[in-house]
Amino acid sequence: MSHFVLGVTGASGAIYAARTLWHLQKMGHSVALIQTAAGKSVAAYEEEAEALQKADSVLNIDDFFAECASGNSCFSGMAVVPCSMGSLGKIANGIADNLLTRTADVCLKERRPLVVVPRELPY
């Protein structure tokens, strides 16, 4: 069984995160969830918060000592679904100001799979 990290940011489309979690777990993978504050708010608004709590573990966004913050960790990859433009910009520019962006940095540094699904509210 592989271990994956699922990042959820404040963009619309929390159902995509819930479906990603469901599919990864259905395939037998362990999933650790990292949500930004805005990601939690949007998931609650879009009624997906309960589905996301089915992750195998829920990590604190401020915990830089979590296993996935290190290149020595055993996780296989990460998906950021949905990814806000702000989080995408931080990941692209190496700004690791929370556990989600730090874990994405680790994926890039260690050449592990990183899937980023950008979504933004239409105006």
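The values are calculated or read from the model by the stated rules, or taken from the named source; none is laboratory data. None of the values given here were measured: they were computed from a predicted structure. Here the Cβ positions follow ideal geometry from the backbone for every residue, glycine too, while neighbour counts run over all protein chains shown. Side chains are part of the model used for accessible areas, which takes the heavy atoms of the whole protein and leaves out ligands, DNA and RNA. Shrake-Rupley method; radii C 1.70, N 1.55, O 1.52, S 1.80 Å.
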- [ ] Specify which of the listed residues (Val58, Val31) is open to solvent by 10 Å² or more (accessible area, probe 1.4 Å), free of Cβ contacts under 8 Å to residues at least 40 places away in the same chain and of a type in the set (A, V, I, L, M).
- [x] Val58
- [ ] Any chance you could count how many residues in region 21-65 are part of a strand (DSSP E or B) and either among the aliphatic types (A, V, I, L, M) or in contact with a Cys (Cβ under 9 Å, 6 or more places away or on another chain) (or both)?
- [x] 6
Task: Pairs where the first residue, in region 98-123, is open to solvent by 40 Å² or more (accessible area, probe 1.4 Å) and at pLDDT below 95 and the second is small (Gly, Ala, Ser) and part of a helix (DSSP H, G or I), C-beta under 9 Å, 6+ apart - done: Val117/Ala17; Pro118/Ser87
Task: Members of region 64-75 that are touching a strand residue (DSSP E or B) at 6+ places or on another chain (Cβ under 9 Å) and open to solvent by 40 Å² or more (accessible area, probe 1.4 Å) - done: Glu67, Cys74
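How many residues does region 87-97 hold that are open to solvent by 50 Å² or more (accessible area, probe 1.4 Å) and closer than 17 Å to Val8 by Cβ?
First, the residues of region 87-97 that are open to solvent by 50 Å² or more (accessible area, probe 1.4 Å): 88, 90, 92-93, 95, 97.
Add one more test, that the residue is closer than 17 Å to Val8 by Cβ, and what stays is 88, 90, 97.
Total satisfying the criteria: 3.
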Open item on the list: Regarding region 1-12, can at least one residue be identified that is part of a helix (DSSP H, G or I), surrounded by 15 or more Cβ atoms within 10 Å (Cβ to Cβ), in contact (Cβ under 8 Å) with a residue 12 or more places away in the chain and not charged (D, E, K, R)?
Closed with: no
